[in-house]
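Visitor: Starting off with a structure, shown below.
The values are calculated or read from the model by the stated rules, or taken from the named source; none is laboratory data. Since the model is a prediction, treat every value here as computed from it, not as a measurement. Cβ placement follows ideal geometry from the backbone for every residue including glycine, while neighbour counts extend to all protein chains displayed.
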Amino acid sequence: MSEFVLGTGQKQTLRNVLRLIEATIVKTEGVPRRIRLWTDKFSIEVQRPELKGDFENYVITMPRDIVDEDVLREFAGAYPEEVALVDQEYDWQIVCPPKGSPFSPKVLEAINKLTGIINLPEVWRAEGHDFRLEAINIEMLFHAMVQYHASDVHLTAGLNPVFRIDNDTRYSEIMTPLSSVQILDLIQRIAPQGFWEEFENYKQTSFSYHQAGVGYARVSAFIKHGTPHCTFRYLPEKIPSFEELNVPPDQMQAIAQTPRGLIIVSGMTGSGKTTSMAALADWINTHKSLHILTIENPVEYVHANKKSIISQRSIGSDVGSFGEAVTGALRHDPDVILIGEMRDPDTIRAAINAAATGHLVITTLHSNTAYEVINRIVSFFDPIERDLVRLQLRDCLKGVICQRLVPKIGGGRIPALEFLFNDIKPIGDAILKGDTDLIRVGMQQTVGHSMLFEAYLYKMFKNNIIDLESARNTCTDVSNFDQMRMGTYAVPRLDSIKGMV
């Protein structure tokens, strides 16, 4: 329950004032059954039996000098069944309908009539009461995400749950609008020890939640304009295979079989980086006898020991920071280290060092293309360090996978991939130079195994998996794709790289 101040303007009817105030309350706390509004002279309280429709009970207290007594008594006399006028010595109290009397449409007529004989203030203090209190059914929420094939669901006060389906947000048509009380109760119920306190102290928190038999979720809770917002990112209990993800098994298995070095899964938010990384870890877990150590914030996909031993650590509850966890990982006898995200120089430096000392390091990074990853990493460091970082990347980077999700013919989305393999000298030289244009040219050489988005999208278009508009909208370089489609595309020659250098 929050108090706020709202200017409603002059010559407003009381019911219009209530509509304006209710709209503000709904945005911050949800739909109220009762509203109290006041100034230094006025006090109004309104109620209704349900969370919708007109308010049916009004108690208005106002100073005696605001209206002529005869006019007020005449008004009350015109509505003997709908209005009770109470003389409180220093002010008037108007009760509509009188206590014990039923509501009728004439009550609203009387309220409109009253507005015509008094001047209402133009600035009010207000607060809402009696919001929806019943606990949110978390199991039903998970089943709805599965049923709708939703990647996320957003819970915010005053709105029905909002599901993200094929990258579009859609309001639930069967669930009811939520209140801030319900959302806060849900966060407190499902937050692990310490995370509710973090939310109270810092106004945001993130953790993993497991709904047994249905799936996991990465939960992100935060405060916006004084009201709670909670987002669930759905993750199935079963880690999907490469085939189920519709990514090429041969290339993904080749990456998973890399014995050492740095593998980066890149893409923008919501492109499926976490799922692809989990699938790589699961393939290694299934086919190799190794020790896999994951460092995540929070732990998302939960792995079971198969052929490998897998140890999952969550930032906050198991270790202080990514950088601290990666540095410490070298003492835990890992063969494979998975880092949820490289987000600061310490983590990146530790990841590169781990890859350089004979470990396989798989991590994610926000980047729109594979060839931009090098400069994206280097940008985290001071200029004096950048040449050394490029040299280390040339020596330890094995590959980059970049993902974009594309609308599929028939519905749903499918990943388009871009592969950067550091498997030919021109690419290694371009990494050392930090020139994204040279890296892109190197990726188009047929002697290597790299592949641009345009080539991948062209294959999907030819196989009638995606339509032309979706393919062109997803390309980095549309002219490159159009040349492939028209048969005029030519692979850049290696000597063009030398000429550019």
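Visitor: Within the range 336-362, which residues are buried (at least 22 other Cβ atoms within 10 Å of the Cβ) and within 15 Å of F380 (Cβ to Cβ)?
Guide: I339, M342, T347, I348, A350, A351, I352
Visitor: Find all pairs meeting these conditions: Cβ atoms under 7 angstrom apart; at least six residues apart or on different chains; first residue within the range 42-67 and closer than 17 Å to K113 by Cβ; second residue part of a helix (DSSP H, G or I).
Guide: Cβ pairs passing all conditions: V46/L18; D54/L108; F55/L18; E56/V107; Y58/I111.
Visitor: Do we have F103 as surrounded by 19 or more Cβ atoms within 10 Å (Cβ to Cβ) and out of contact with any helix residue (DSSP H, G or I) (no Cβ under 6 Å at 6 or more places or on another chain) here?
Guide: no
Visitor: Exactly one condition in (1) buried (at least 21 other Cβ atoms within 10 Å of the Cβ); (2) touching a Pro at 6+ places or on another chain (Cβ under 7 Å); (3) closer than 27 Å to S367 by Cβ; (4) not basic (K, R) is false for A221; which is it?
Guide: With respect to (1) buried (at least 21 other Cβ atoms within 10 Å of the Cβ); (2) touching a Pro at 6+ places or on another chain (Cβ under 7 Å); (3) closer than 27 Å to S367 by Cβ; (4) not basic (K, R), A221 is out only on (3).
Visitor: Does F419 satisfy the condition of being among the aromatic types (F, W, Y) and either at pLDDT below 95 or out of contact with any helix residue (DSSP H, G or I) (no Cβ under 9 Å at 6 or more places or on another chain) (or both)?
Guide: Against the criterion (among the aromatic types (F, W, Y) and either at pLDDT below 95 or out of contact with any helix residue (DSSP H, G or I) (no Cβ under 9 Å at 6 or more places or on another chain) (or both)), F419 does not qualify.
Visitor: In the range 436-492, which residue that is within 33 Å of the chain's Cα centre (by Cα) and among the charged types (D, E, K, R) is surrounded by the fewest Cβ atoms within 10 Å (Cβ to Cβ)?
Guide: The qualifying residue surrounded by the fewest Cβ atoms within 10 Å (Cβ to Cβ) is E469.
Visitor: In the list S104, S151, which residue meets the criterion of being of a type outside the set (A, V, I, L, M), at negative phi and in the same structural domain as E22 (by TED's automatic domain parsing)?
Guide: That would be S104, the only listed residue that is of a type outside the set (A, V, I, L, M), at negative phi and in the same structural domain as E22 (by TED's automatic domain parsing).
Visitor: I'd like to verify a number: residues in the range 282-311 that are touching a Lys or Arg at 6+ places or on another chain (Cβ under 8 Å) and surrounded by fewer than 16 Cβ atoms within 10 Å (Cβ to Cβ), how many?
Guide: Total satisfying the criteria: 4.
Visitor: For the range 305-356, which positions are modelled with pLDDT of 90 or more, of a type in the set (S, T, Y) and part of a loop (DSSP other than H, G, I, E, B)?
Guide: S308
Visitor: Another one. Can you say whether V153 is in contact with a His (Cβ under 6 Å, 6 or more places away or on another chain) and either at pLDDT below 95 or closer than 22 Å to G215 by Cα (or both), as far as the supplied structure shows?
Guide: no
Visitor: Among the numbered criteria (1) outside any loop (DSSP other than H, G, I, E, B); (2) touching a helix residue (DSSP H, G or I) at 6+ places or on another chain (Cβ under 6 Å), which one does Y371 miss?
Guide: With respect to (1) outside any loop (DSSP other than H, G, I, E, B); (2) touching a helix residue (DSSP H, G or I) at 6+ places or on another chain (Cβ under 6 Å), Y371 is out only on (1).
Residue by residue, here is whether (1) in contact with a Lys or Arg (Cβ under 9 Å, 6 or more places away or on another chain); (2) within 27 Å of S470 (Cα to Cα); (3) surrounded by 17 or more Cβ atoms within 10 Å (Cβ to Cβ) holds:
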| residue | (1), (2), (3) |
| --- | --- |
| H143 | no, no, no |
| H149 | no, yes, no |
| D152 | yes, yes, yes |
| R164 | yes, yes, yes |
| D168 | no, yes, no |
| E173 | no, no, no |
| P177 | yes, no, yes |
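Visitor: Over 22 Å from Y301 (Cα atoms), surrounded by fewer than 21 Cβ atoms within 10 Å (Cβ to Cβ), among the basic types (K, R) and touching a residue at least 12 places away in the same chain (Cβ under 8 Å) - does that describe any residue in the range 192-211?
Guide: Yes - at least one qualifying residue is present in the range 192-211.
Visitor: Just for strands (runs of 3 or more DSSP E) wholly inside the range 197-282: which have at least 2 residues that are among the aromatic types (F, W, Y)? Steps first, answer last, please.
Guide: Working: elements: 204-211, 215-224, 227-235, 261-267.
Qualifying strands (runs of 3 or more DSSP E): 204-211, 215-224, 227-235.
Visitor: Select, from K238, K288, the only residue that is without any contact (Cβ under 8 Å) to a residue 12 or more places away in the chain and more than 25 Å from Y456 (Cβ to Cβ). I'd like the intermediate steps shown before the answer.
Guide: On the way: K288 fails: without any contact (Cβ under 8 Å) to a residue 12 or more places away in the chain.
Criteria check complete, one pass: K238.
Visitor: Also: Return the pair list, or none, for Cβ contacts closer than 7 Å from residues in the range 261-282 that are under 21 Å from R349 (Cα atoms) to residues that are among the polar types (S, T, N, Q) and part of a helix (DSSP H, G or I), at least 6 apart or on different chains.
Guide: Listed by first residue and then by second, the contacts come to V265/S276.
Visitor: Determine if the range 69-91 includes at least one residue that is within 30 Å of E173 (Cβ to Cβ), among the charged types (D, E, K, R) and surrounded by 16 or more Cβ atoms within 10 Å (Cβ to Cβ).
Guide: Within the range 69-91, none of the residues are within 30 Å of E173 (Cβ to Cβ), among the charged types (D, E, K, R) and surrounded by 16 or more Cβ atoms within 10 Å (Cβ to Cβ).
Visitor: Answer yes or no as to whether P426 is under 28 Å from T258 (Cβ atoms) and outside any loop (DSSP other than H, G, I, E, B).
Guide: Yes: the conditions hold for P426.
Visitor: Would you confirm whether or not the range 430-445 contains a residue that is in a strand (DSSP E or B) and touching a residue at least 40 places away in the same chain (Cβ under 8 Å)?
Guide: Among the residues of the range 430-445, not one is in a strand (DSSP E or B) and touching a residue at least 40 places away in the same chain (Cβ under 8 Å), which makes the answer no.
Visitor: Which numbered condition trips up L186, out of (1) under 24 Å from T269 (Cβ atoms); (2) touching a Phe, Trp or Tyr at 6+ places or on another chain (Cβ under 9 Å); (3) hydrophobic (A, V, I, L, M, F, W, C)?
Guide: Among (1) under 24 Å from T269 (Cβ atoms); (2) touching a Phe, Trp or Tyr at 6+ places or on another chain (Cβ under 9 Å); (3) hydrophobic (A, V, I, L, M, F, W, C), the lone unmet condition for L186 is (2).
Visitor: Ok, one more. Please enumerate the residues belonging to the range 312-335 that are farther than 20 Å from Q193 by Cα and in contact with a His (Cβ under 7 Å, 6 or more places away or on another chain). Give the steps one after another, and end with the answer.
Guide: The first filter runs over the range 312-335 and keeps only residues farther than 20 Å from Q193 by Cα, leaving 322-335.
Selection gives D333, P334, D335.
Visitor: What residue, of I295, I263, is among the aliphatic types (A, V, I, L, M) and modelled with pLDDT of 95 or more?
Guide: I263
Visitor: Follow-up. Take the range 446-467 and flag every residue that is in a loop (DSSP other than H, G, I, E, B), among the hydrophobic types (A, V, I, L, M, F, W, C) and under 20 Å from V406 (Cβ atoms).
Guide: Hits for the range 446-467 are L452, I465, I466.
Visitor: When the range 1-26 is examined, which residues are found to be closer than 18 Å to N119 by Cα and in contact with a strand residue (DSSP E or B) (Cβ under 8 Å, 6 or more places away or on another chain)?
Guide: L6, G7, T8, L14, V17, L18, L20, I21 - these are the residues of the range 1-26 that are closer than 18 Å to N119 by Cα and in contact with a strand residue (DSSP E or B) (Cβ under 8 Å, 6 or more places away or on another chain).
Visitor: Also, quick follow-up: Of the residues that make up the range 324-339, is at least one of a type in the set (S, T, N, Q) and closer than 28 Å to D152 by Cβ?
Guide: no
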